[in-house]
């Protein structure tokens, strides 16, 4: 962990002219303003509103707090701007205001992984690594600006610090240090993953909630360029005392998967059903 990594191409091309970040993470609610200057070449439908919807869902699943903020305290909601189900307009300029609290600065890495990508995420989801859009499809400028004034503290992130962090994307994979349940991780087979969550609450609602939240986790993991594209959706089954999860294709080293998974399960523990313990088997710890 901590070794430099070659970022995704759509992140590697970012510089001080195409990116503006000014954000101080805090448990205090604040407005976060996102602006995207699109640069479309084809007549695809713009889908940045879908990307912002994903960012809200990822944060609410427990992935926005990182190591500094307890996942169950994270809040993120739309104040203005189009989301899934809305007419996004033709662009090419798009803007949103979000009300956020307890969103760690490291969450800006997965934010940029979505916001700084090409015009239409549907093509990437369908074609995966085979889809390499022309750089002209990428936004010409992305701005993420918080309401709170910057200071010299460690919770502040700027354009320069985010650009430097792109080479160490595992910063966004840290677990909140306090874990209210036993968590074991083991290297498993080369692809795929199995998870067993010990809980007395195995209702249909618990199954559906865990399935949805772990689906967002798979999307979150793809921010790391060393992670295989996690296309498969988790399958969750219930027994009397546990929920078992199977991913048929999830190529993720266990040391990267553990932190985000702990944060998702901690929020599930506080919001849906108490977790007594969990055991995860994923790909071996190959160097990234």
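Quick note: the coordinates plus some simple rules give every number you see, no bench work behind them. Quick caveat: nothing in here was measured; it's all calculated off a predicted structure. Backbone-built Cβ (ideal geometry, glycine too); neighbour counts: all protein chains shown.
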What is the gain in length, in nm to one decimal, between residue 90 and residue 211 on full extension, counting 0.36 nm per residue of separation less the C-alpha to C-alpha distance?
-> 40.2 nm
Residues residue 198 and residue 83, FRET efficiency given R0 of 35 Å [Cβ-Cβ distance, rounded to 0.05] | 0.50
The chain - share of DSSP beta bridges that are antiparallel (%, nearest 5) = 75
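Using 0.36 nm per residue of separation minus the Cα-Cα distance, give me the extension gain between residue 15 and residue 232 in nm, one decimal.
The residue 15-residue 232 span can extend by a further 74.8 nm.
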Give, in whole angstrom and from largest to smallest, the semi-axes √(5λ) of the equivalent ellipsoid of the chain, with λ running over the eigenvalues of the Cα gyration tensor.
-> 30, 21, 19
So how far apart, in nm, are the two label points at residue 276 and residue 136 if each is 7 Å from Cα heading toward Cβ?
-> 6.1
Points 7 angstrom from Cα along the Cβ direction at residue 151 and residue 168: gap in nanometres?
-> 2.3
CD proxy at 222 nm, helix term only [per DSSP H run n ≥ 4: -39500 (n - 2.57); per residue of the chain; nearest 500] = -7500 deg cm²/dmol
Inter-site label distance for residue 186 and residue 31 at 7 Å from Cα along Cβ, in nm = 5.2
